[in-house]
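Below: one structure, written as structure tokens.
The values are calculated or read from the model by the stated rules, or taken from the named source; none is laboratory data. The structure displayed is predicted, hence computed values, not measured ones. With ideal geometry, Cβ positions are generated from the backbone for all residues, glycine too; neighbour counts draw on all protein chains shown.
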Ligand SMILES: Cc1cc2nc3c(=O)[nH]c(=O)nc-3n(C[C@H](O)[C@H](O)[C@H](O)COP(=O)(O)OP(=O)(O)OC[C@H]3O[C@@H](n4cnc5c(N)ncnc54)[C@H](O)[C@@H]3O)c2cc1C
Ligand code: SF4
Ligand code: SF4
């Protein structure tokens, strides 16, 4: 998918229902723009995101995956984001080892009140992925036609 | 295969101006399972919902995708709509093409492409949806109010009047909050105690209200309708059932050198004390850090003088466990510390005070018995300077970015009261803006200027320098006349920014209620749900949610009470059916899932399973769907892939990923 032949990355953003998804809504109602490359998937909690989903995204050709949750201590389910943080630290280092650079994965805490933070985070992330270019490592392995 | 209908909303021009809705309709018709697609002006309207209903009947739909605003806005609306037309409400998915698309993108082609992709993801998900049945949970008809200031008192009174039981937990020895420290109140200048004390008495005497003072919430578990809370009742060292409140102990106590918290440290109190004369309950506490009996083992005077035999040095903290259906946070505020504001010489001079300290000085029961005098030498001041916005509307990190909202009005109040009582005292107010929106507020401020001759100067105070003769040299700018001012003052009063009370972060964490960057509690919706927190069953009252004066606090307190009453009036709540469910053929009873469940919803039991014809007893995970809140922690922890979350299953989420990356 490219408009004007410019590289348009595919970016999947997992957002927890209580903080980050609401933060994204606030970014929307405040008209704080970020590139259309970002597509959000709503999950109840950041701890619902199975590392498998992220691997799957890269296999299917995603160029970057970002996971957003409530700030530490503010998780709607008390502890979910701590699990997410631990799991992702492991997964991201493994992905880096497999050739999916650390810049393509990110965990960010965004509260329901942080529309500005949501938008700046997404702008930064897209910028980063654009600078890294297309993800070829996992995408090449299978599934991509 | 599902039969899916897709409904694309224009939202007036909110969506249709940036997303080509016709194109979206055309594109989604190519998706597997989609048998119907249409667009309409306002899908959430009666007419829009009727269109959905008609399509459900005509096209025998088994699932629905609505491309519209955020599911946080109208998911419930469309679920109810589906149910009304005979479809299981959990066969509905929303593609958020407004907040996440049309509102943030400008280019029509780009926004349309994205809208199609978001719709595809929702369609892919619905293809895997299964009907779910919501369960029911009971409602404990009792409310907890944390904080006993005017906000907490008013909320409790309103709930109690509606016939429900309420407990107030207040951390200090008395209810009353900041309002009990104020002298007179704007905009009417009635005395604070005269309007507050009757409410405190009402609360204490109300058959439905139970007050725990000198107590704090220690642990919260459960969820809306069914919270379990541990309250620590700190040892008062006085038996409240015996104490008659005569006050002899406080008189006779030899340890009298502890700065009084109630008087903001301007006077001292004894080790055994009630914070102020009208305290409720009128039962003193022993401050064990200051008490000689506790420090040295010698003394015991209070025990000897207490006729009622109420002193109990051996009293221990007590933990009370109670169940509640709803919790209201009303923890109020404090003024910020001024350690970083050296330019105002607050720490160097006793005659530089905060406005809250001035309230105590002006109060007849305060440290100077209501006489306006300098704390350094007891002399009557002739020249007083007020500085507004100290730490408010501040761009550096010494202060707060927000407007504290009450300072313009209370400064006008202070200036007016001083000019009224001491007409020969000159009063100068330095301000950045005077903000007086509120009923009779601007009139009040103008009276201070016009009738009472208060000298208002638009400008900032750069420095307050204590002089050898005991006076204070105030250096400021006059922004309207564009000149520098140097003037001598006998007293400087700082309208200090307010901030949420210290412990609020801890309370918010226990309640999993969110808090903003300034530590104010966040409301569920800034406009439409201002007294609810995003956590179901948790409500907000008073300044803990944002700066407010007393009238606004009381209004919000009543609104929070109404929400609580609405909840407690229900006998049952429907529970979220999106709960975890283990696959009994995959589960091997390893026990990992229970370890990560924050609600203790998972237990294990031995059950017979039929594994492809082989019958055997196996240890299996079992989820209590009334306790499960559907976070999904267990699903990722499960090493066998046995645990899945209904409504957000592995297959559904992977289908969304695939649709987006296609
Ligand atoms: C100098 C000054 C002058 C003012 N003058 C006026 C005026 O003239 N007119 C007017 O309308 N408004 C005035 N106000 C504003 C007024 O004080 C507030 O609007 C009002 O007090 C807010 O009430 P509240 O109950 O929300 O908070 P608070 O009064 O702060 O009460 C909160 C209560 O919660 C308790 N608490 C805190 N944390 C916990 C915890 N973790 N557990 C249990 N309990 C806890 C506190 O001890 C306190 O009792 C003035 C404010 C100041 C600073
Ligand atoms: S989803 Fe799993 S971990 Fe979360 S509450 Fe339900 S059973 Fe517990
Ligand atoms: S983690 Fe999975 S396998 Fe282990 S007990 Fe729970 S559901 Fe069964």
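Quick look at the values:
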| quantity | calculated |
| --- | --- |
| Criterion: within 15 Å of ligand 3 (Cβ to nearest atom), touching a strand residue (DSSP E or B) at 6+ places or on another chain (Cβ under 7 Å) and within 29 Å of residue B:121 (Cα to Cα) - qualifying residue of B:587, B:638, B:634 | B:634 |
| Selection from region B:26-38 of residues that are more than 22 Å from residue B:131 (Cβ to Cβ) and surrounded by fewer than 20 Cβ atoms within 10 Å (Cβ to Cβ) | B:26, B:29, B:30, B:38 |
| Odd one out for residue A:22, checked against (1) within 7 Å of another protein chain (Cβ to nearest Cβ); (2) touching a strand residue (DSSP E or B) at 6+ places or on another chain (Cβ under 7 Å); (3) not in a loop (DSSP other than H, G, I, E, B) | (2) |
| Top-ranked residue in region B:136-166 [being out of contact with any helix residue (DSSP H, G or I) (no Cβ under 8 Å at 6 or more places or on another chain) and in a strand (DSSP E or B); ranked as nearest to ligand 1 (Cβ to nearest atom)] | B:144 |
| Residue within region B:362-370 that is in a loop (DSSP other than H, G, I, E, B), more than 16 Å from ligand 3 (Cβ to nearest atom) and on the phi > 0 side of the Ramachandran plot present | yes |
| Among the residues listed as B:150, B:175, B:104, the single one being buried (at least 21 other Cβ atoms within 10 Å of the Cβ), out of contact with any strand residue (DSSP E or B) (no Cβ under 9 Å at 6 or more places or on another chain) and over 30 Å from residue B:77 (Cβ atoms) | B:150 |
| Residue within region A:113-126 that is in contact with a strand residue (DSSP E or B) (Cβ under 9 Å, 6 or more places away or on another chain) and modelled with pLDDT under 95 present | yes |
| Answer from B:115, B:124 - the residue that is surrounded by 24 or more Cβ atoms within 10 Å (Cβ to Cβ), under 30 Å from residue A:116 (Cβ atoms), more than 9 Å from chain A (Cβ to nearest Cβ) and in contact (Cβ under 8 Å) with a residue 12 or more places away in the chain | B:115 |
| For residue B:582: the one exception among (1) free of Cβ contacts under 8 Å to residues at least 40 places away in the same chain; (2) within 12 Å of ligand 3 (Cβ to nearest atom); (3) more than 30 Å from residue B:118 (Cβ to Cβ) | (1) |
| Among (1) touching a residue at least 60 places away in the same chain (Cβ under 8 Å); (2) surrounded by 21 or more Cβ atoms within 10 Å (Cβ to Cβ); (3) not assigned by TED's automatic domain parsing to the domain that holds residue B:190, the one test that residue B:291 misses | (1) |
| Residue B:543 vs. criteria assigned to a helix (DSSP H, G or I) and touching a strand residue (DSSP E or B) at 6+ places or on another chain (Cβ under 9 Å) | yes |
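This table checks each residue for (1) assigned by TED's automatic domain parsing to the domain that holds residue B:405; (2) touching a residue at least 40 places away in the same chain (Cβ under 8 Å); (3) within 28 Å of residue B:389 (Cβ to Cβ).
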residue: B:511; (1), (2), (3): no, yes, no
residue: B:515; (1), (2), (3): no, no, yes
residue: B:520; (1), (2), (3): no, no, yes
residue: B:528; (1), (2), (3): no, no, no
residue: B:538; (1), (2), (3): no, yes, no
residue: B:543; (1), (2), (3): no, yes, yes
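Each row is one residue, and each column tells you yes or no for (1) within 16 Å of ligand 1 (Cβ to nearest atom); (2) assigned to a strand (DSSP E or B); (3) within 13 Å of another protein chain (Cβ to nearest Cβ); (4) surrounded by fewer than 23 Cβ atoms within 10 Å (Cβ to Cβ).
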residue	(1), (2), (3), (4)
A:39	no, yes, yes, yes
A:54	no, no, yes, no
A:58	no, no, yes, no
A:81	no, no, yes, no
A:88	no, no, yes, yes
A:93	no, no, no, yes
A:103	no, no, no, yes
